[in-house]
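Novice: This is the structure I have questions about; it appears just below.
The values are calculated or read from the model by the stated rules, or taken from the named source; none is laboratory data. Just so we're clear, the structure is a prediction, and the values are computed from it rather than from any experiment. For neighbour counting, all protein chains shown are included, and Cβ atoms are generated from backbone atoms with ideal geometry for every residue, glycine included.
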Amino acid sequence: MAESHDKSHAGHEDDRKKREERELAERMSTVGQKLLVLSGKGGVGKSTVAANLALALARAGKRVGLLDVDIHGPSIPTLLGLAEERVTGDEDGILPLRVQENLAVMSIGFLVPSRGDAVIWRGPLKYSAIRQFLKDVKWGALDYLIVDSPPGTGDEPLSVVQLVGEGARAVIVTTPQELAIADVRRCVSFCRTLGLGILGIVENMSGFVCPHCGAQLDIFKTGGGSSLAGETGVPLLGRIPIEPEIVAAGDEGNLSAWEHADSPAAQAFAAIVERIVAERVTAATPATKK
């Protein structure tokens, strides 16, 4: 009897997994482009880049979903002024928060009781959470799904790549100094090992233009992303200079209002989005999966 019960339980579990795989595939089939914003290390402004790309694509008339799966450090709610918001759902799934007509957002930060609470989860639980976000969030039809992934090349980024399915591409964020470049080099290798196409590299914090005298100061050096792009054969999407207004807008939860058309950083973001929308960038050819 015990053996029969075990076989029955295993059969039900297999059926459940197959059903969830179908539901995940159906949800991802409604997404046009899946862009995974990755970095080899923290502190390079990955979440700010992801949020600005999502906002800019939405302003360009694209239907955009922004998914924050940085489980231990969700920054998207703070950047967009949504830190106190919570999501709701029904039997059909979870309803993301709508920032504007063309932009919906989901984050682990919407599910924890307060911003000061730590998320202390082991690998399997984090995998399940990421799977649930991708499977159960009711985005509707999207032109772009921007996924703000955790830094590094560990469990969470691996889970994201495995779960989003074919057709996803990486946008890799770095700062110019060699310490960051060394980690991002490993991120490029991570993508190629998994067969994930790389849309390009964004060099963030690339110099600072003084608003008073116009002189450029290379606080973190500059050109590191360009060098890495040349070394690895990955396109350079653009360089984004340091801009105090971006920092202030993010801290105030008002990043969506940052639209200084004449600022160097705004122009850099606009050029990156234009390249993405126009599909003038060909994703670097991934190596065969090992």
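To keep it simple, each residue is scored yes or no on (1) surrounded by 14 or more Cβ atoms within 10 Å (Cβ to Cβ); (2) of a type in the set (S, T, N, Q); (3) touching a strand residue (DSSP E or B) at 6+ places or on another chain (Cβ under 9 Å); (4) modelled with pLDDT under 85.
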{"residue": "Pro211", "(1), (2), (3), (4)": "no, no, no, yes"}
{"residue": "Val234", "(1), (2), (3), (4)": "yes, no, yes, no"}
{"residue": "Leu237", "(1), (2), (3), (4)": "yes, no, yes, no"}
{"residue": "Ile240", "(1), (2), (3), (4)": "yes, no, yes, no"}
{"residue": "Leu255", "(1), (2), (3), (4)": "yes, no, no, yes"}
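Novice: Does Lys135 qualify as being assigned to a helix (DSSP H, G or I), among the charged types (D, E, K, R) and either over 18 Å from the mean Cα position of the chain (by Cα) or modelled with pLDDT of 80 or more (or both)? It would help to see each step written out before you state the result.
Specialist: Numbers: assigned to a helix (DSSP H, G or I): yes; among the charged types (D, E, K, R): yes; either over 18 Å from the mean Cα position of the chain (by Cα) or modelled with pLDDT of 80 or more (or both): yes.
Answer is yes for this residue.
Novice: A further question follows. Which condition number in (1) surrounded by 13 or more Cβ atoms within 10 Å (Cβ to Cβ); (2) under 30 Å from Glu231 (Cβ atoms) is the one that Gly154 fails?
Specialist: (1)
Novice: So, one more: Report, by residue number, each residue of the stretch 16-45 that is touching a Cys at 6+ places or on another chain (Cβ under 9 Å) and assigned to a loop (DSSP other than H, G, I, E, B).
Specialist: Listed by number, the residues that qualify are Ser39, Gly40, Lys41.
Novice: What number of residues within the stretch 177-187 satisfy the criterion of being buried (at least 24 other Cβ atoms within 10 Å of the Cβ) and either free of Cβ contacts under 8 Å to residues at least 60 places away in the same chain or hydroxyl-bearing (Ser, Thr, Tyr) (or both)?
Specialist: Selection size over the stretch 177-187: 0.
Novice: Test each condition in (1) modelled with pLDDT under 75; (2) among the hydrophobic types (A, V, I, L, M, F, W, C); (3) loosely packed, with under 13 Cβ neighbours inside 10 Å for Ala248 and report the one that comes out false.
Specialist: Checking Ala248 against (1) modelled with pLDDT under 75; (2) among the hydrophobic types (A, V, I, L, M, F, W, C); (3) loosely packed, with under 13 Cβ neighbours inside 10 Å, the one that fails is (1).
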